[in-house]
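Scroll down for the structure; my scribbles are underneath it.
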Amino acid sequence: WDDPRFGDGTLVVDVKTAEGSLSTIWRATWTADGEPTTVAVKELRLDASVRTEALRSFAQEVRICSRLRHANICAFLGTTLRNGSPALVLEYLGGGTLHHALHNPRRAPHTRARRPHLPPPSSAPGS
């Protein structure tokens, strides 16, 4: 990480859990106030051929995620940088990918790590 500090704590990557065409998902541990919490970090892969569109998409994802707070939606915790690439820090949901869960209905549902204390959602001007 460019800076292991995140919020009021530190962020330590444990293992890569998934990889797509534009991003890599890492399981990480965020320790704040002495309490470790498992989180997911979605790191944007900045390929030169899609850099502008990828950054635009990332910014849109941050805007949307920062406003959402619902028990059935993975919580957005913030952003950080890893080797100069932007990354989302999200609530960690174990149990595999959404694709796998949708195509394997007999599988156990996703499980949440201890849900971190979440700040109120951001409000857009004029909302």
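The values are calculated or read from the model by the stated rules, or taken from the named source; none is laboratory data. Predicted model, so just to flag it, every value in this text is computed and none were measured. So basically every Cβ, Gly included, is an ideal-geometry build from the backbone, and we count neighbours across all protein chains shown. Remember, those area values only see protein heavy atoms, side chains included, never the ligands or the DNA or RNA. Shrake-Rupley method; radii C 1.70, N 1.55, O 1.52, S 1.80 Å.
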Can you name the residue in the stretch 64-98 that is of a type in the set (D, E, K, R) and farther than 17 Å from Leu22 by Cβ and, of all such residues, is nearest to the chain's Cα centre (by Cα)? Glu91
Within the stretch 1-22, restricting attention to residues that are modelled with pLDDT under 85 and outside any loop (DSSP other than H, G, I, E, B), which residue is surrounded by the most Cβ atoms within 10 Å (Cβ to Cβ)? Phe6
Given the residues Gly78, Gly9, Gly84, which is the only one that is touching a residue at least 60 places away in the same chain (Cβ under 8 Å) and in contact with a strand residue (DSSP E or B) (Cβ under 9 Å, 6 or more places away or on another chain)? Gly78
Would you call Arg107 open to solvent by less than 60 Å² (accessible area, probe 1.4 Å), at pLDDT below 85 and among the charged types (D, E, K, R)? no
Determine if the stretch 59-72 includes at least one residue that is within 23 Å of His100 (Cα to Cα) and of a type in the set (Asp, Glu). yes
